[in-house]
Amino acid sequence: MKTFYPKLKTLALIIAVFLSFTMKAQNSSLELKYLGTAGWEISDGIIRVLVDPYISRVKLGTGPTISPDDKRQTVNRNDNFVSDTKTIDEIITKKIDFILVHHSHFDHLADVPYIAKKTGAKIIGTETTCNILRAYGIPDEQLYPVKGGEDYQFENFSVKVIPTIHSALNNKNYIDNRTYTSVPKAPLKISEFVEGGSLMFLARFKKHDVLTMGSMNFVERELVGQKPDILLAGVNLSQLGLYKYNERLLAVTNYPKILIPTHWDNFRLPYGFSQQKGVEQKLLPFKEDMKIVSPETEVIIPKHLETIIISDTKEQVLRKEQKAILAGLTGKIGIQQHQPLNDRYSLKNRTIARDFLGEWIKKSGLQPQEHSYKIDILRDGVTKNYEGKNIYTIIPATIKSDEYVIIGAHFDSVQNCPGANDNASGCALVYGVAKQIAALKTRKKNVIVVYFDQEEIGVVGSQAFTNFTKEKKLNVHSVHTADQMGWDKDKDQNIEIEVPTPFLKSIYQKHAKQLGISAFVTTETGSDHRAFRAAGFNAVGITEEYRNKDTTPHYHKNTDTYDTIDFNYLYFSTNLVFNVIEELVTK
């Protein structure tokens, strides 16, 4: 909760991030967003690559693949191609390092000129692809013309270019030998986007090798020895005319761990229109066949503009645990013998929630401790007495130390509110950070992990815990509190840091900058960090973009439910905070 108490001086910090640029904190996750057709946005948190980004999805012709509900202007093949720049700007919002283009047909290349100008990305494609891009004013320093066989190393990324052939369209009567050996005149008609030769790419990220296809065909000998763990496989009806397409493709690529169909959708329909017909006619039969051809391969059916996250076992476990914590605290599921919680406001419900978090502390191999308190707090000239219980644990230093780093979040909610974002999300973040800190081989500082009671009635639990640390005369290095960490509508992964001390501002912004996001400093003072800051501790609060208006619309409402949480953002944030705390306790 963010509560305003103008007489109290405080601070709060916000952070949301994912992968560290250092090897010590490098996760092995890969994010793949399906742009439709053969288009993808792929990132490992360091490098971001577009593959055949065709986003305009023009209403081409008047055949049966056109929907009567699509009221856009009809476009014919003799018309000049015009990109839908508004939609592109809405979808392509991050820095792009490379664009890989399989061939030069309009549904692969036509939006690349605008995107290349917008992002400055380097483009890898055939001579025809590069000449078309030159026609649209893309400078040579952005272009890597290739023909297949090249294997290029870049910083943090490499790509092998593999020659291939186009899908066997028109009942196997397709052939297009046209190329552009010189720069054509722009703008091009749709029909003038000729194939110009076809490629595949083996894109090697830090932890994953992705083999991309832009057609439903391949040259078997060119794929011998390739062992991608992720295959973006061309799947459409034209493959049915090829000899044992599925069997040969999976065998020659060494039966990849993960396969995601591509170029299967009806690209004449705009985003938001149903693609269920294609799923039922193409993808479901393909997936069933894969159970026989390659039973160990996981087939993932993509959806337009949805991100698929490929993660390692440790990450998958932590993500599931964070979801389980959210589910229990918000009443998505019942907790042990109890009925699902409708809030964490009453003494009974707060007790159930606290005990639940205690069990999760035990699952991390740590010992939970209760901190019972009675505290008098003066507010608006009136002294009120409060009783409650925080729950905490200590992760001891592996090297003798009297210093402590504190990380915490409040577990209560307002009445009749499931409190998913406020603040089950913060509890899940703290759990994720604590679990990873406990696994470190070296810790030069002790870490206190604490879940605060009664934040919603005025940061009572954190005030009591502040007093507790002072009474124990603990040498507290810094305090980090998390509140509202589950909303990121614009998907920019930015964070806010609220009135941080100069030291904490510096370390959070350093890690944020490494990850290519912004850590905005604000003067927000409405959460648990304020009690520590007021007592003179080096403190910071962590939250979503509360002041920058990218914050949950369900704040303190009965709609603040489990289903509104952006779990990717939550996990992202968890790893950023872990990277910060890791640096603090190991340096």
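The values are calculated or read from the model by the stated rules, or taken from the named source; none is laboratory data. Being a predicted model, the structure only gives us computed values, none of them experimental. We place every Cβ from the backbone using ideal geometry, glycine too, and count neighbours over all the protein chains shown.
Restricting the stretch 281-314 to residues that are among the β-branched types (Val, Ile, Thr) and outside any helix (DSSP H, G or I), which is surrounded by the most Cβ atoms within 10 Å (Cβ to Cβ)?
Step by step, filter the stretch 281-314, then rank; the result is Ile310.
For the stretch 64-82, which residues satisfy the criterion of being within 16 Å of Gln276 (Cα to Cα) and free of Cβ contacts under 8 Å to residues at least 40 places away in the same chain?
Answer for the stretch 64-82, where residues must be within 16 Å of Gln276 (Cα to Cα) and free of Cβ contacts under 8 Å to residues at least 40 places away in the same chain: just Pro64.
Looking at (1) modelled with pLDDT of 95 or more; (2) assigned to a helix (DSSP H, G or I), find the lone condition where Ile99 falls short.
Condition (2) is where Ile99 drops out.
Search the stretch 116-152 for residues being among the β-branched types (Val, Ile, Thr) and part of a helix (DSSP H, G or I), and hand back the single one that is farthest from Ile96 (Cα to Cα).
My answer is Thr128.
Evaluate the following for Asp380: is it surrounded by fewer than 19 Cβ atoms within 10 Å (Cβ to Cβ) and closer than 30 Å to Ala251 by Cβ?
No.
Please determine whether any residue of the stretch 275-290 is assigned by TED's automatic domain parsing to the domain that holds Ser67, at pLDDT 95 or above and on the phi > 0 side of the Ramachandran plot.
Scanning the stretch 275-290, I find no residue that is assigned by TED's automatic domain parsing to the domain that holds Ser67, at pLDDT 95 or above and on the phi > 0 side of the Ramachandran plot, so the answer is no.
If you scan the stretch 459-501, which residues turn out to be in contact with an Asp or Glu (Cβ under 7 Å, 6 or more places away or on another chain) and either aromatic (Phe, Trp, Tyr) or without any contact (Cβ under 8 Å) to a residue 60 or more places away in the chain (or both)?
Trp487
Show me the helices (runs of 4 or more DSSP H) found entirely inside the stretch 492-587 where at least 3 residues are closer than 28 Å to Ile399 by Cβ.
In the stretch 492-587, the matching helices (runs of 4 or more DSSP H) lie at 502-514, 567-586.
Can you tell me which residue within the stretch 407-429, out of those that are aliphatic (A, V, I, L, M) and buried (at least 24 other Cβ atoms within 10 Å of the Cβ), is nearest to Lys332 (Cα to Cα)?
Going through the stretch 407-429, the residues aliphatic (A, V, I, L, M) turn out to be 407, 409, 414, 420, 424, 428-429.
Cutting the leftovers down to buried (at least 24 other Cβ atoms within 10 Å of the Cβ) gives us 407, 409, 420, 424, 428-429.
Numbers: Ile407: 26, Ala409: 20, Ala420: 10, Ala424: 12, Ala428: 15, Leu429: 18 Å.
Here the answer is Ala420.
Residue check, Gly331 against (1) in the same structural domain as Lys257 (by TED's automatic domain parsing); (2) touching a residue at least 60 places away in the same chain (Cβ under 8 Å), all met but one. Which one?
(1)
Name the single residue that is modelled with the highest pLDDT among those in the stretch 237-268 being of a type in the set (Ser, Thr, Tyr) and touching an Asp or Glu at 6+ places or on another chain (Cβ under 9 Å).
Of all residues in the stretch 237-268, those of a type in the set (Ser, Thr, Tyr) come to 238, 243, 245, 253, 255, 262.
Next, only the ones that are touching an Asp or Glu at 6+ places or on another chain (Cβ under 9 Å) stay: 255, 262.
Numbers: Tyr255: 95, Thr262: 98.
Step by step, filter the stretch 237-268, then rank; the result is Thr262.
Taking the criterion of being surrounded by fewer than 17 Cβ atoms within 10 Å (Cβ to Cβ), farther than 25 Å from Ala420 by Cβ and out of contact with any strand residue (DSSP E or B) (no Cβ under 9 Å at 6 or more places or on another chain), would at least one residue in the stretch 361-371 satisfy it?
yes
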